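Report on the structure given below.
The values are calculated or read from the model by the stated rules, or taken from the named source; none is laboratory data. This structure is a prediction, so every number in the text was calculated from the model and none was measured. Quick reminder, even Gly has a Cβ in these numbers, built from the backbone with ideal geometry, and neighbours come from all protein chains shown.
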Amino acid sequence: MTVSIDARGPRWSAAITTVVLATALVTSNVWIIAFQAIVFAIGALRGPQFTPYALIFKSLIKPRLKSPVTFEDVRPPQFAQAVGLGFALVAVIASVTGAGGVFTVAVAFALAAAFLNAAFNFCLGCQMYLLILRARTAK
Amino acid sequence: MKTFVPLVIVLIVATGFGIWFQRTRGEFRKKKTVNGPTLTAAIVGTELGSRATMVQFSSAFCTPCRATKALLQDMVKTMPDVRYAHIDAESHLELVRELNVLSTPTTLFLNAAGVEVGRAMGTPKRAQVHAALAAIS
């Protein structure tokens, strides 16, 4: 059995993620990206419906939405959270070790993915998962 | 040190990519020469259609795959000479490589002989599927 969640939740979470990552990119503040890494970690390990952003969606935004509820498999957004966690961890390590260029690039990629998800309903798992599988099993 | 330069670059590039991406999803891309491998009922898991077969590749981390499946399954109901086959990409990686499937959902359009004439990446619209099938004589 796969878990299904309200499909609007991950997109709202991606919008909040976009704002947080944009702030991190502009300020180069390690604490903001560290916070986002923890949010990504919760989303990747427990599920995207358990992050603080999902809680904001559930308590504040969802009761005000009138669009019909559509449900989606929890695995695609969970995969996206895992990819985000990867970029965020690289950014944290880069910041701590003083590699400013690496920090900027890592946050930029995470921001681009979150922004595409929020604005264009871009599905990261659709584009990346098969390529990762193919690369991993390449002879 | 505050700088808005990287942010502006990311937003401009991502917006451009997003617009291009959204426009090209579901679009039927016809192959210039029909010369790929011949797919059989044994490979795709379903009898081939007498005129055309739509073969969809899906994966677990893919939301639009479900919508694509529902649309294509519904469309073939009214088309006796077209069949639909669904393949889990993850468990058919050899085939995925042979056919050079890069993302999911990807739908291959096969002619009566079982050779790919073109494909669509992402969820196509009903009209795009009709146009693709019309291109297969």
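General observations
- All positions within region A:107-120 that are over 15 Å from A:P48 (Cβ atoms) and surrounded by fewer than 23 Cβ atoms within 10 Å (Cβ to Cβ): A:A108, A:F109, A:A112, A:L116, A:A119, A:F120
- For region A:126-139, the candidate set comprises residues that are hydrophobic (A, V, I, L, M, F, W, C), more than 7 Å from chain B (Cβ to nearest Cβ) and in a helix (DSSP H, G or I); within that set, the residue that is surrounded by the fewest Cβ atoms within 10 Å (Cβ to Cβ) is A:A135.
- Unique residue being under 14 Å from the mean Cα position of the chain (by Cα), at pLDDT 90 or above and either surrounded by 15 or more Cβ atoms within 10 Å (Cβ to Cβ) or over 23 Å from B:A67 (Cβ atoms) (or both) when the list is A:I61, A:I38: A:I38
- Selection within region A:69-91 - surrounded by fewer than 19 Cβ atoms within 10 Å (Cβ to Cβ) and part of a helix (DSSP H, G or I): A:A82, A:G86, A:L89
- The set of residues from region A:102-125 being without any contact (Cβ under 8 Å) to a residue 24 or more places away in the chain and either under 12 Å from the mean Cα position of the chain (by Cα) or more than 7 Å from chain B (Cβ to nearest Cβ) (or both) comprises A:V102, A:V105, A:A106, A:F109, A:A112, A:L116, A:F122.
- Single match in A:K58, A:K66 (criterion: out of contact with any Leu (no Cβ under 7 Å at 6 or more places or on another chain), outside any helix (DSSP H, G or I) and at negative phi): A:K66
- Looking only at region B:57-81, and only at residues there that are within 23 Å of A:F120 (Cα to Cα) and among the polar types (S, T, N, Q), the one that is farthest from the chain's Cα centre (by Cα): B:T63
- Helices (runs of 4 or more DSSP H) fully within region B:1-103 counting 3 or more residues that are within 12 Å of chain A (Cβ to nearest Cβ) and small (G, A, S): B:5-24
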